[in-house]
1. Percent antiparallel among DSSP beta bridges with both residues in the chain, to the nearest 5?
2. For Ala12 paired with Glu228, estimate the spin-label separation in nm (one decimal), with each label point 7 Å from Cα along the Cα-to-Cβ line.
3. Along each of the three principal axes of the Cα atoms of the chain, give the extent in whole Å, ordering the values from largest to smallest.
4. List, in the order given, every pair from Lys57/Lys161; Lys19/Lys52; Lys19/Lys185 whose Cα-Cα distance in the structure shown is over 26 Å.
5. Is the shape of region 2-64 rounded, prolate or oblate, going by the alpha carbon gyration tensor and its root eigenvalues a ≥ b ≥ c, with a/c under 1.5 for rounded and a/b larger than b/c for prolate?
6. So which GluC sites (Glu not before Pro) in region 107-193 end up in coil per DSSP with only 15 or fewer other C-beta atoms within 10 Å?
7. Compute the projected area of the convex hull of the Cα atoms of region 115-179, averaged over all viewing directions, and report it in nm² to one decimal place.
8. Which percent of the Cα-Cα distances in region 127-241 go past 23 Å?
Amino acid sequence: MQQITVGGVRVAIVRKPIKNLHLGVYPPRGRVRVAAPLSVSNEAVRLAVIGKLAWIKRQRTQFASQPRQSRREMVNGESHYFQGRRYRLRVVEQREKRGFGRIFLRNLSLMELHVQPGTNADERERIMQRWYRARLRESIPALLATWEATLGVRVTAWGIKKMKTKWGACNPEAGRIWLNLELAKKAPRCLEYVVVHELVHLLVRHHDDQFSALMDRHLPTWRARRQELNSAPLVQETWTH
């Protein structure tokens, strides 16, 4: 990966065996990345970026004004998200035989976290992360079944993990995909977008014109869903796609 600076903007250049140049600006800080054909020179990339500087600055301004969540302390009254909906947290301390915490959703606005008395913030967060993982694991199989049939592909394995730079990842050779645990907090249509995105990578490795054409054909609203996903409130660690 190379880097150049254009009009005070640092630009990362990744060269790939593609036909056209693709420029992207990514949250949270407006990182600029250009995927360029192998034959395109740095000067050609520079000229392309100059032509998009006004747009790049608008994107960066939008990301800078995007709401951000402070670090969660896992106490009463905090805002937490599940499937795109905002919930207010209520911590209920009570002794339970099994010793494990539980989470209940009340009236589409309240998330109750039941814990043992004296449970600290880190353990409360671990309980919530386990709950998010379980809920996400329930949602994914039906999406995979639908879209594998639609796209004519098959994953050999899939998993959920915390990722700091991506909403999803795909290993086309192994037929394996990974989905970010944070997707449990996002609207189901955003989860579907990421699933389709990764499955299309089983057909097309790069984000080139063929990739975009397949996405357009099978999920015409994918750009709006991507925008929604990347416009949601940002947390301490930010995931992009």
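1. For the chain, the DSSP antiparallel bridge percentage is about 55.
2. Spacing of the two 7 Å Cα→Cβ label points: 2.7 nm.
3. 66, 43, 27
4. Numbers: Lys57/Lys161 32 Å; Lys19/Lys52 19 Å; Lys19/Lys185 36 Å.
From the list (Lys57/Lys161; Lys19/Lys52; Lys19/Lys185), the Cα-Cα distance tops 26 Å for Lys57/Lys161; Lys19/Lys185.
5. Working: a/c = 2.10, a/b = 1.73, b/c = 1.22.
It comes out prolate by the Cα gyration axes.
6. Sites meeting the loop and neighbour criteria: Glu173.
7. Averaged projected area of region 115-179's Cα convex hull equals 5.6 nm².
8. The answer is 23 percent, as a whole percent.
Here, each number is a calculation from the coordinates, and none is a lab measurement. Worth saying up front: this structure is predicted, and the values here are computed from it rather than measured. Heads up, the Cβs are rebuilt from the backbone with ideal geometry, glycines too, and the neighbour counts pull from every protein chain shown.
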